[in-house]
1. Scan region 121-144 for residues that are in contact with an Asp or Glu (Cβ under 6 Å, 6 or more places away or on another chain), touching a residue at least 40 places away in the same chain (Cβ under 8 Å) and aromatic (Phe, Trp, Tyr) and jot them down.
2. Can you name every residue in region 86-144 that is under 19 Å from Asp63 (Cβ atoms), out of contact with any Ser or Thr (no Cβ under 8 Å at 6 or more places or on another chain), small (Gly, Ala, Ser) and at pLDDT 75 or above?
3. Could you go through region 1-15 and let me know if any residue there is modelled with pLDDT of 80 or more, surrounded by fewer than 12 Cβ atoms within 10 Å (Cβ to Cβ) and charged (D, E, K, R).
Amino acid sequence: MKSTRGSAAIIAIIFMMFLLIVGISFIPMINSELRHAKMDEDEQKAWYAAEAGKKYVEVFKNDKNKIVDASNEAMPVNRSNNTQRNHFQLRLDEDVPDNSKTKTNNGKKNAATLQPGTKYNVYSEGTFNGITKVIELEWTVPAK
């Protein structure tokens, strides 16, 4: 009996070391899952920012000046903290090019050039943390 004395402690220490090694091996997988979850969250925020641009066009469809103003600068959507910012950018592309219409210096349409009944492809680009999502829709300038 004296020769087996302390064997339970040694077996317990070996078993605990085995559990420690298994536990440590899960750390890289947990870090990877956390990174992927953060990327998914950022993609969703970029998508919602693009959706906000689409909704902006739907809400202000009768006010072409607001649509043009939104297409000339990025509009803030939501501020989650002081360093991260969601925004959308609208781009208007005329369906049928018409050389008689003038453009501004930066290539964007002037409010005066948007004729009622003209169809535009609107690209709403949402950005968050360097991730960009784009939604495309068709918008017709309403009659006065």
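The values are calculated or read from the model by the stated rules, or taken from the named source; none is laboratory data. Since this is a predicted model, take the numbers as computed values, not measurements. Here Cβ is always computed from backbone atoms with ideal geometry, including for glycine, and neighbour counts include all displayed protein chains.
1. Phe128
2. Ser124, Ala143
3. The answer is no, given that none of the residues of region 1-15 is modelled with pLDDT of 80 or more, surrounded by fewer than 12 Cβ atoms within 10 Å (Cβ to Cβ) and charged (D, E, K, R).
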